[in-house]
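Read the structure below first, then the notes.
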Amino acid sequence: MGIIGKLIVNALAFYIVAYLVPGFEVVGYQPLLVAAVVWGVLSLFIRPLIMFFTLPLTFLTLGLFTFVINAGLLMLTARLVEGLSVESFTTALMAAVLLSIVNAFLNTLKKI
């Protein structure tokens, strides 16, 4: 899957999550695309470092701590992108779980 394909899938996933999760809002299409790019960059560079340092905790929680890491990165993305807002950490956690599910579903559809 190319970079443009991943960007489109992430943007569509953000759009769906913003529609389904109250307190998670994206205002307009430009912030949607910028959020997808920022999320991709953070997931590429910052997430592996955080995952490495929290590996014992992730192991103890059988991988569920990954959702907490994603929620934190989602809140960081909201701070960096004007037009994307996350109301609270609980909202970010729900959005992170749903974002993972939607992304997996959309990637499966893309392969078909």
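A short reminder: the numbers here are calculations on the coordinates, not readings from a lab. Because the structure is predicted, anything quoted here is derived from the model rather than measured. All Cβ positions, even for glycine, are placed from backbone atoms using ideal geometry, and neighbour counts span all protein chains on display.
Below is a table of values for the structure above.
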{"read-out": "Enumeration of residues in the stretch 1-17 that are touching a residue at least 40 places away in the same chain (Cβ under 8 Å) and under 13 Å from the mean Cα position of the chain (by Cα)", "value": "9, 10, 12, 13, 14, 16, 17"}
{"read-out": "Of the criteria (1) in contact (Cβ under 8 Å) with a residue 12 or more places away in the chain; (2) within 21 Å of residue 5 (Cβ to Cβ), which one residue 83 fails", "value": "(2)"}
{"read-out": "The stretch 76-104: number of residues that are within 12 Å of residue 25 (Cα to Cα) and crowded, with 18+ Cβ neighbours inside 10 Å", "value": "7"}
{"read-out": "Matching residues, the stretch 93-108, being touching a helix residue (DSSP H, G or I) at 6+ places or on another chain (Cβ under 6 Å) and farther than 25 Å from residue 4 by Cα", "value": "93"}
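Residues checked against (1) under 19 Å from residue 18 (Cβ atoms); (2) of a type outside the set (Gly, Ala, Ser); (3) out of contact with any strand residue (DSSP E or B) (no Cβ under 6 Å at 6 or more places or on another chain):
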site: 54; (1), (2), (3): no, yes, yes
site: 68; (1), (2), (3): no, yes, yes
site: 88; (1), (2), (3): yes, no, yes
site: 99; (1), (2), (3): yes, yes, yes
site: 111; (1), (2), (3): no, yes, yes
